[in-house]
Amino acid sequence: GAGSSRRLRHVSSVAAPPSKVSRLNAVVLGDALASKEDDLVIPNPDFSAQAHVHSPGKYLEMYERSIEDPAGFWSDIASQFYWKQKWGSPVYSENLDVRKGRIDIEWFKGGITNICYNCLDANIAAGNGDKIAIYWEGNELGVDATLTYNQLLHNVCQLANYLKDIGVRKGDAVVIYLPMLMELPIAMLACARIGAVHSVVFAGFSSESLSQRIVDCKPKVVLTCNAVKRGPKVIHLKDIVDAALADSAKNGTVVDVCLTYANESALEKESTKWVEGRDIWWQDVLSKYPTSCDVEWVDAEDPLFLLYTSGSTGKPKGVLHTTGGYMVYTATTFKYAFDYKPSDVYWCTADCGWITGHSYVTYGPMLNGATVVVFEGAPNYPDSGRCWDIVDKYKVSIFYTAPTLVRSLMREGDELVTRYSRKSLRILGSVGEPINPSAWRWFFNVVGDSRCPISDTWWQTETGGFLITPLPGAWPQKPGSATFPFFGVQPVIVDEKGAELEGECSGYLCVKGSWPGAFRTLYGDHERYETTYFSAFPGYYFSGDGCRRDKDGYHWLTGRVDDVINVSGHRIGTAEVESALVSHPQCAEAAVVGVEHEVKGQGIYAFVTLVEGVPYSDDLRKSLIMTVRKQIGAFAAPDRIHWAPGLPKTRSGKIMRRILRKIASRQLDELGDTSTLAEPGVVDQLIALADS
Ligand code: 6R9
């Protein structure tokens, strides 16, 4: 799309190899000033001196070992965790080639451990029981709470005991539909403690999406709360869960228990709708349970969690992660990519409903015994300075967020940032989509006072943890580049025939070989796992992203190359939005494409063909958008509905999305050859309706 070509042009301006650049203090030259070679941000020598990985040479030494001897490299790291019983031999086994049979990845098989034990008990045993595990910051100013590692363990154990008591056993699914209360990480850890498989559903999903996930994984219990306030708005989560459970029951999945946290700052208990016999108040029962709970020891390859994500077809995919490899990988990536030290205070703005919240709010940081900020509210409430207010309040040293937030705050002006001290900040992080160089620079110069390296971490729900990321202090950075692979990761860029490209190149981003944090299957559909990820380019894991490698070996992600769009860092399948639209009684057909959006990265642009005889109207537009909000969630609402008397199709009936993308972005002189269309006239009709 237009976004990627702009990024590519930027890339071509990078020349000098990092080794030849003198080690200045961190300086960024603006586009206008920079001679082409100077597009490098050199780490401050004082920063590098204290970093875990202080130089390109040190990185290369570690990286080379990780590739030449993965078993040795990862065993050394894994040995730093608590294992009830050590893994067997081999350390890992893999088949990533569909031509050689079933795709299969195993790490540390035979090793017996528990990730909750490693997050909590192990850190407490090391003397950190009184260290703050969670600083919780509520939606409203002045509403906050803290939990030490000891207190967190007590809370986790009470919930774990309760879950066991109602019959949740090792391997059972538990659905969690909670906002960013402390109870969300508590719930994840409680499941892990007893070997139950959590499936967190982002609390912005609609009842229909929640129900779909419940029917897929059939949990015994759903954990939720009655309501939450986000900014000035109260969201009645329990009502959404009620509708989802009614729906699931109709589809044959009856959930016995709905454990509901009373979030009384948002809604009193008395006003909460209640289903006797099924609904239980969290606070009423948990206090009755003991604050210690034996852990369920599990195999490294036993499942830890399911997380549904969007793909190019309508049905969300249940990405399954297992225990041992995920544990080792999230902890290690966290430590190195954020140069984590025990004195850090870490804040990741992601919600635990997404993979970033799993790996880098809960597991990665807590495995390191980190102090984590959990924020319930919205970054622009009461005003757009809230993030920096929180940074100052808790002396946050590592701040990890998404480019969409950076861009939206950037529009509000520097003063909302500079009125806060931000002296505690040491490292910044970015995730979810490519960060454009101007947002990178603003983040670096204004938020980080040109002092803090930015870790632009490229990864996916499927990868469990970072695959391509800067290691702060190790390399000079290039604004907008995710730089180099993490230890043990072999990214390859292939052409459309699957041939590996060397040197400076651009193509499809794949990965050769496995890494410990890789997902092991799609829940209940191993075949879809193989066809979606391993069949496009046999022998490799295919990420779905495009990537360019520049002459210095830096990686530049250029966005999805499949029918997935990335809106504010949220993955949305165009097919999901289309199927929601066509469920509207007046919609005959729909085609959805992504368009560049100044703040969200991509916006959702929908071409809609109405049922014969139905007139266009703004009310109908609104009602179509409402249908999508209701079926998927507000974050998937189309930004634009474009009336389409017909859609451009090939003679075999395939929608030509390439043409729709050009129309959506108004690149009308780049429509290309339209003569192969079944009805070339539809293109002119669409153009005529573009601004209606
Ligand atoms: C972690 C996460 C994955 C997709 C991925 C890519 C995009 C994520 C990125 C990035 C460029 C980065 N993406 N991080 N693109 N630079 N640093 O977001 O997981 O929700 O599964 O999305 O997000 O397109 O394929 P997930």
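Does at least one position in region 121-142 carry a residue that is surrounded by 24 or more Cβ atoms within 10 Å (Cβ to Cβ) and within 25 Å of Gly318 (Cβ to Cβ)? No: region 121-142 contains no residue that is surrounded by 24 or more Cβ atoms within 10 Å (Cβ to Cβ) and within 25 Å of Gly318 (Cβ to Cβ). For the residues Ser343, Ser312, the requirement of being surrounded by fewer than 21 Cβ atoms within 10 Å (Cβ to Cβ), within 16 Å of the ligand (Cβ to nearest atom) and part of a loop (DSSP other than H, G, I, E, B) singles out Ser312. Inspection of region 618-630 finds no residue satisfying the criterion of being in a loop (DSSP other than H, G, I, E, B), surrounded by 16 or more Cβ atoms within 10 Å (Cβ to Cβ) and not hydroxyl-bearing (Ser, Thr, Tyr).
The residue of region 87-109 that is surrounded by the fewest Cβ atoms within 10 Å (Cβ to Cβ), among those that are under 20 Å from Thr330 (Cβ atoms) and not hydroxyl-bearing (Ser, Thr, Tyr), is Glu94.
Within the set Pro615, Pro645, Pro638, the sole residue that is under 20 Å from Ile572 (Cα atoms) and in a loop (DSSP other than H, G, I, E, B) turns out to be Pro638.
In region 45-52, the condition of being assigned to a loop (DSSP other than H, G, I, E, B), more than 27 Å from the chain's Cα centre (by Cα) and of a type outside the set (Lys, Arg) is met by no residue. Cβ separations smaller than 9 Å between residues 6+ apart or across chains give the following pairs from region 413-430 residues that are among the small types (Gly, Ala, Ser) to residues that are assigned to a loop (DSSP other than H, G, I, E, B) and within 16 Å of the ligand (Cβ to nearest atom): Gly429/Phe338; Gly429/Thr457; Gly429/Thr469; Ser430/Ala402; Ser430/Thr457; Ser430/Ala482. In a residue-by-residue description of region 287-308, the property of being of a type in the set (Gly, Ala, Ser), in contact (Cβ under 8 Å) with a residue 60 or more places away in the chain, part of a loop (DSSP other than H, G, I, E, B) and surrounded by 15 or more Cβ atoms within 10 Å (Cβ to Cβ) applies to at least one position. Taking interchain pairs and intrachain pairs at least six residues apart, which have beta carbon atoms under 9 angstrom, with the first residue in region 650-672 and exposed (fewer than 11 other Cβ atoms within 10 Å of the Cβ) and the second not in a helix (DSSP H, G or I)? Close Cβ pairs satisfying both conditions: Arg651/Thr676; Arg651/Leu677; Arg651/Ala678; Ser652/Ala678; Gly653/Ala678. Meeting the requirement of 2 or more residues that are within 26 Å of Pro290 (Cβ to Cβ), the strands (runs of 3 or more DSSP E) wholly within region 114-233 are 132-137, 144-148, 173-177, 197-200, 221-225. Of all residues in region 236-255, those satisfying the criterion of being under 25 Å from Gly318 (Cβ atoms) and under 25 Å from the mean Cα position of the chain (by Cα) are Leu237, Lys238, Ile240, Val241, Ala244.
Just one of the listed residues (Cys352, Cys348) is within 21 Å of Val228 (Cα to Cα) and touching a Leu at 6+ places or on another chain (Cβ under 6 Å), and it is Cys352. For region 326-336, the condition of being of a type outside the set (D, E, K, R), away from the ligand (no atom under 14 Å from the Cβ) and part of a loop (DSSP other than H, G, I, E, B) holds for none of the residues. Taking the criterion of being assigned to a loop (DSSP other than H, G, I, E, B) and surrounded by fewer than 21 Cβ atoms within 10 Å (Cβ to Cβ), the residues of region 504-522 that qualify are Glu504, Gly513.
Ala160 falls short of the stated requirement of being within 26 Å of Cys387 (Cβ to Cβ), modelled with pLDDT of 95 or more and in contact with a helix residue (DSSP H, G or I) (Cβ under 9 Å, 6 or more places away or on another chain). Taking the listed residues Ile655, Ile632, the one that is touching a strand residue (DSSP E or B) at 6+ places or on another chain (Cβ under 6 Å) and β-branched (Val, Ile, Thr) is Ile655, with no other qualifying.
Check whether at least one residue in region 323-334 is more than 14 Å from the chain's Cα centre (by Cα), surrounded by fewer than 22 Cβ atoms within 10 Å (Cβ to Cβ) and of a type outside the set (Val, Ile, Thr), and report yes or no. Looking through region 323-334, none of the residues is more than 14 Å from the chain's Cα centre (by Cα), surrounded by fewer than 22 Cβ atoms within 10 Å (Cβ to Cβ) and of a type outside the set (Val, Ile, Thr).
The values are calculated or read from the model by the stated rules, or taken from the named source; none is laboratory data. It should be emphasised that the depicted structure is a prediction, and the values quoted were computed from it without experimental measurement. As a convention, Cβ positions derive from the backbone with ideal geometry for all residues, glycine included, and neighbour counts pool all protein chains shown.
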